[in-house]
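Down below is the structure, laid out as structure tokens.
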Amino acid sequence: MASQAPLPPFAAVIVAAGKGLRIGGEVPKQFREFKGKPLVRHSVEKLLAAGADPLVDAIPSDAEDLARTCLAGLDGVDFVIGGETRRESVRNGLTSFVPDKPQYVLIHDAARPDIPLEVIERLLSALDEHAGAIPVLPVVDTLAIASERNTHHGNADRETLRRVQTPQAFRGPDIMAAHFGQYYPEGAPEPTDDAQVLMSYDLATNRSVAFVQGDERLKKITFAEDLMETATAPAFRVGQGFDVHRLVEGEELWLCGIQLEHTHGLAGHSDADVALHAITDAVLGAIGNGDIGTHFPPSDPQWAGARSGQFLENAVKLARDARYALSNIDLTIICEAPKIGPHRPAMRTRVSELTGLGEVAVSIKATTTERLGFTGRGEGIAAQAIVGLVRLGD
Ligand code: CTP
Ligand code: MG
């Protein structure tokens, strides 16, 4: 849709001072790569192209060099240091507008890379009649209220509820008065957007906030899977895992999640199920997410004697979080004794239960090493696995 009229002049604050805790990782999400450039650069470019002037970016106090690198070559960006909360980051951004006193201000999350121009048009035109305007979307799912025990406690009426996005647009003097005048005592609930700040400030003056139609493209990048581009993430990935445990007397022998009768068992911190460890490492390898020791450190007493099935179940869940499902497993157990053949059906069933794969997709093979090496001498058992993962649909 072509834009009807030029946009009125507006200033913009982009908040990029969060820690990105839900996404994890060393570098906050706004400075990570998304579709070929740093996440923050997407919204800065879009708002500059829409005419934002001035545009201020609130960044973490220790990230100035990083932010400048991410936005290199873009003219018209000022930086301020953000605060402990999103609200404080916005307020710090607005402070830099005090001399200009812009008529209209757009406030936006750096974590929302795509900003359709139509949404900016709708927001700014709503400011003719309202002190603020925010993009909203209907709620389509049933909304249930959780009890303290995380059980069903009732329902909320979704008809009256909306999902709220950014950018949010305000008349400059109103939003600045609300942010600068508002006092949030310690422990008071923190507003997560600026419409809340405006509405909770001096309601007597009747500053209304209009709802304009939001857009799914304004989706916020919040979790690790949001950063993974489904469009370019490979349709198929593979991973391999390898593990060895020592055979000793007096230990239980667990392989592929079942217990085997044998003169010796495997020693290790957990149940030492070398086969499940190899499969788990293969799954983690396929999604590039560390190895079994990263997720279940042997130094952690809670894993002492642990059943290794839970390691594998956890790795499968991590793969699912990264939007991949296992397609098949090919495992080789390397030992002189016990004989694996008789146990193969039970092993396949157990691995299939742990992974959700059909048994036809679980291959369990075994070999000796012709009495050569540590496996040949019966000192230990080795296992190696390859897994395939397929990308889940959107
Ligand atoms: N933000 C900010 N200053 C803060 C907290 C958040 O500028 N003290 C910004 C974030 O950088 C982000 C936007 O507010 O662009 C929305 O916040 P959110 O998605 O919650 O990001 P984070 O707080 O960084 O992530 P998390 O809550 O997972 O830690
Ligand atoms: Mg946050």
Quick check on D114: is it of a type outside the set (A, V, I, L, M, F, W, C) and loosely packed, with under 14 Cβ neighbours inside 10 Å? no
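Being assigned to a loop (DSSP other than H, G, I, E, B) and closer than 19 Å to L354 by Cα is the requirement here; does A278 meet it? Quick ask: steps written out before the conclusion?
On the way: assigned to a loop (DSSP other than H, G, I, E, B): no; closer than 19 Å to L354 by Cα: yes.
Considered against the rule, which asks whether it is assigned to a loop (DSSP other than H, G, I, E, B) and closer than 19 Å to L354 by Cα, A278 comes out as no.
Picking from A224, A210, A233, A188, which residue would you name as being among the small types (G, A, S), modelled with pLDDT under 95 and in contact with a helix residue (DSSP H, G or I) (Cβ under 8 Å, 6 or more places away or on another chain)?
Residue meeting the stated conditions: A224.
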Out of (1) exposed (fewer than 13 other Cβ atoms within 10 Å of the Cβ); (2) in a strand (DSSP E or B), the odd one out for S61 is which? (2)
What are the residues in the range 367-389 that are in contact with a Lys or Arg (Cβ under 8 Å, 6 or more places away or on another chain) and crowded, with 16+ Cβ neighbours inside 10 Å, if any? G380, G388, L389
Condition first: in contact with a Lys or Arg (Cβ under 8 Å, 6 or more places away or on another chain) and not in a loop (DSSP other than H, G, I, E, B). Now tell me which residues in the range 1-54 satisfy that. V15, P38, L39, H42, S43
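Just the residues that are among the hydrophobic types (A, V, I, L, M, F, W, C) and within 16 Å of ligand 2 (Cβ to nearest atom), please, taken from the range 83-120. Lay out the reasoning, then the answer.
Step one: of the range 83-120, the residues among the hydrophobic types (A, V, I, L, M, F, W, C) are 90, 94, 97-98, 105-107, 110-111, 115, 117, 119-120.
Once the filter is applied, which keeps residues that are among the hydrophobic types (A, V, I, L, M, F, W, C) and within 16 Å of ligand 2 (Cβ to nearest atom), the range 83-120 yields V90, I107, A110, A111.
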Failed item in (1) on the phi < 0 side of the Ramachandran plot; (2) surrounded by fewer than 21 Cβ atoms within 10 Å (Cβ to Cβ), with G51 passing the rest: (1)
Long-range neighbours under 6 Å by Cβ, at least six apart or interchain, first residue within 18 Å of G18 (Cβ to Cβ) within the range 61-88, second in a loop (DSSP other than H, G, I, E, B) and within 13 Å of ligand 1 (Cβ to nearest atom): I81/S61; G82/A17; T85/E190; R87/P191
Taking the range 3-57 as the search range and keeping residues that are away from ligand 2 (no atom under 16 Å from the Cβ) and of a type in the set (F, W, Y), which one is farthest from the chain's Cα centre (by Cα)? F10
For the range 215-251, the count of residues that are exposed (fewer than 15 other Cβ atoms within 10 Å of the Cβ), more than 30 Å from V164 (Cα to Cα) and not hydrophobic (A, V, I, L, M, F, W, C) equals 4
Being under 19 Å from T349 (Cβ atoms) and without any contact (Cβ under 8 Å) to a residue 40 or more places away in the chain is the filter here; which residues of the range 254-292 pass it? Q259, D271, D273, T280
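Report, by residue number, each residue of the range 153-163 that is surrounded by 10 or more Cβ atoms within 10 Å (Cβ to Cβ) and without any contact (Cβ under 8 Å) to a residue 40 or more places away in the chain.
First pass over the range 153-163, keeping only residues surrounded by 10 or more Cβ atoms within 10 Å (Cβ to Cβ): 153, 155-156, 158, 161-163.
Answer for the range 153-163, where residues must be surrounded by 10 or more Cβ atoms within 10 Å (Cβ to Cβ) and without any contact (Cβ under 8 Å) to a residue 40 or more places away in the chain: H153, N155, A156, R158, L161.
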The residue from S147, S125, S96 that alone is among the polar types (S, T, N, Q) and touching a residue at least 40 places away in the same chain (Cβ under 8 Å) is S96
Please specify each residue of the range 70-92 satisfying the condition of being touching a helix residue (DSSP H, G or I) at 6+ places or on another chain (Cβ under 8 Å) and of a type in the set (A, V, I, L, M). L71, L74, V77, V80, I81, V90
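So, in the range 281-314, of the ones that are small (G, A, S) and modelled with pLDDT of 95 or more, which residue ends up nearest to Q240 (Cα to Cα)?
Start the filter on the range 281-314 by keeping residues that are small (G, A, S), which leaves 282, 285-286, 288, 290, 293, 299, 304-306, 308-309.
Next, only the ones that are modelled with pLDDT of 95 or more stay: 282, 285-286, 308-309.
Values: A282: 4, G285: 6, A286: 7, S308: 17, G309: 18 Å.
Of everything passing the filter in the range 281-314, A282 is nearest to Q240 (Cα to Cα).
The values are calculated or read from the model by the stated rules, or taken from the named source; none is laboratory data. Because the structure is predicted, anything quoted here is derived from the model rather than measured. Neighbour counts run over all protein chains shown; Cβ positions are idealised from the backbone, glycine included.
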